[in-house]
Amino acid sequence: MRIEMSAAGRVGIGATPSDYWGTANGLVVREGDNSTGITIATSTSNTGQIYFADGTSGDARYRGWITYAHGTDTMSLATAASTKVTILSGGNVGIGTTSPDGNLHVHSGTAGSVTASGDKDELVVESAGHGGISTLTPDASESGMFFGHVSDNRAGEI
């Protein structure tokens, strides 16, 4: 094992930190010409975490994070000191919600005590007010949505 510490406080494990991008070389881990990685190991009921801070008090200590909760097999990404994206063990992804109702649930506000129908939940868009999906194109192009099935991939359209 080779660990190098620079005068600037950078640490390299198997690497010289100053050889790498200056804004991301505080800790560099390198394994020759092989694939490599960093493992954060916890027990089956605890959470592995990486936090991003821009200060030492209040929520400046945890403005962003990546966490993996082993007890629920859930991964979370956060910005501005709150969770923004959650991936559940079954693969459902929530943007703005930690409890997605479908494969992808985009949540900007609670619509009430309603959940998505289980047979049409691949994309759920939820809002506390006006909601919808925008498709934006240049002036010379068109926007639309197709509805299809096995024998006709354009059975209906908007």
Estimated FRET transfer efficiency (M5, Y51; beta-carbon r; R0 30 Å; 0.05):
0.85
Roll a 1.4 angstrom probe over the protein heavy atoms and tell me the percent of accessible area of the chain that is carbon or sulfur.
53
Quick check: convex hull of the Cα atoms in the chain, volume per residue, rounded to a whole Å³?
271
In the chain the DSSP beta bridges are antiparallel at a rate, in percent to nearest 5, of 70
Mean accessible area per residue over the chain (1.4 angstrom probe, all protein chains present, square angstrom) is 72
Would you mind classifying segment 90-158 by shape? Square roots of the alpha carbon gyration tensor eigenvalues, ordered a ≥ b ≥ c; an a/c under 1.5 is rounded, otherwise it is prolate if a/b is larger than b/c and oblate if not.
oblate
Go through segment 7-68 and name the trypsin sites (Lys or Arg not before Pro) that are in a DSSP coil and have 12 or fewer other Cβ atoms within 10 Å of their Cβ.
none
What is the magnitude of the charge dipole of segment 22-93 about its Cα centre, with +1 placed on the Cβ of each Lys and Arg, -1 on the Cβ of each Asp and Glu, and no other charges, expressed in debye to the nearest 20?
180
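The values are calculated or read from the model by the stated rules, or taken from the named source; none is laboratory data. All figures in this text were calculated on a predicted structure; none of them were measured in a lab. Cβ: placed from backbone, ideal geometry, glycine included. Neighbour counts: every protein chain shown. Ligands, DNA and RNA are stripped out before the accessible areas are found, and what is left, the full protein with its side chains, is counted by its heavy atoms. Shrake-Rupley method; radii C 1.70, N 1.55, O 1.52, S 1.80 Å.
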